[in-house]
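What follows is one structure encoded as structure tokens, with my remarks underneath.
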Amino acid sequence: MEPMPNCCEEIARQLYQYIDRELSPEEQRQVQQHLDDCPPCQKWFRLEVDVLRLVGECGRRLEAPPTLIEKVRRLCASSQSDPHSS
Ligand SMILES: [Zn+2]
């Protein structure tokens, strides 16, 4: 079972809610599971958590912009087709 770019797109949409703990326990688990299986998403997730932590101090809320979702999708797709990954 390998993660699909489509799946990554879903995760990108849910990630902010995941960080804010606004998802249902079932959805939280699905996001967590995807992050475990998908290093690119995991890396991105950690980056976003750091950013949101800073932003959160200002009391602002963010939503995943389409450009970010596209970026994650490409990141995941390229990592899957990378012949040099060991
Ligand atoms: Zn992913």
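Label-to-label distance for V51 and K71 is 0.4 nm, based on points extended 7 Å past Cα in the beta-carbon direction. Spin-label pair D20-Q33: with each label point 7 Å from Cα along the Cα-Cβ axis, the two points sit 2.5 nm from one another. Contact order, relative form, for segment 1-52: 36 percent (alpha carbon pairs under 8 Å, 6 or more residues apart, mean separation divided by residue count). Taken one residue at a time, the phi angles of segment 32-42 give Karplus couplings (6.51, -1.76, 1.60, θ = phi - 60°) of 4, 5, 5, 4, 5, 8, 10, x, x, 5, 5 Hz. Gly and Pro are set to x.
Each reported figure results from applying straightforward, stated rules to the coordinates on display, with no laboratory input. Being a predicted model, the structure only gives us computed values, none of them experimental. Cβ coordinates were reconstructed from backbone atoms using ideal geometry, including for glycine residues, and neighbour counts include every protein chain displayed.
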